[in-house]
Amino acid sequence: MLSYLMGFLAAAAVGFVVTPVIRRMAIRLDALDRPVGRSVHKRAVPHLGGLAIYLAFAAGALVTSGIGSRDVRAILFGGLLVLGLGMIDDFR
């Protein structure tokens, strides 16, 4: 039970720290989704949010199960593939 709490805290801490950093980086790189006629949002929204989510998830998974877990490595690798596709989509 303690390992789950530690995993949650690790994910929350990484997400809390990394999200503003990635947001600033996206703004500096001009990686923004600007609204067009069919957009729901009314102002520019930074891309790369998936990277912050992935890093927070990975931190929680690694703290909970450790790097030695083959299952966790497989899940993180699959998530990395999805992250890559999402980033490609963000920049198209």
Regarding Arg38, is this residue surrounded by 14 or more Cβ atoms within 10 Å (Cβ to Cβ) and closer than 19 Å to Asp90 by Cα?
-> no
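In region 51-71, is there at least one residue being exposed (fewer than 14 other Cβ atoms within 10 Å of the Cβ), out of contact with any strand residue (DSSP E or B) (no Cβ under 8 Å at 6 or more places or on another chain) and assigned to a helix (DSSP H, G or I)?
yes
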The residue that is nearest to Ala61 (Cα to Cα), considering only those in region 13-32 that are more than 12 Å from the chain's Cα centre (by Cα) and in contact (Cβ under 8 Å) with a residue 24 or more places away in the chain, is Ala13
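How many of the residues making up region 61-75 are of a type in the set (Ser, Thr, Tyr) and under 20 Å from Ala13 (Cβ atoms)? Talk me through it step by step, then tell me what you get.
Step one: list which residues in region 61-75 are of a type in the set (Ser, Thr, Tyr), which gives 64-65, 69.
Now narrow it down to the ones that are under 20 Å from Ala13 (Cβ atoms): 64-65.
The number of residues fulfilling the criteria is 2.
Computed from the coordinates by the stated procedures, all read-outs in this text should not be read as laboratory data. This structure is a prediction, so every number in the text was calculated from the model and none was measured. Ideal geometry is used to build each Cβ from the backbone, glycine not excepted, and the neighbour counts take in all protein chains shown.
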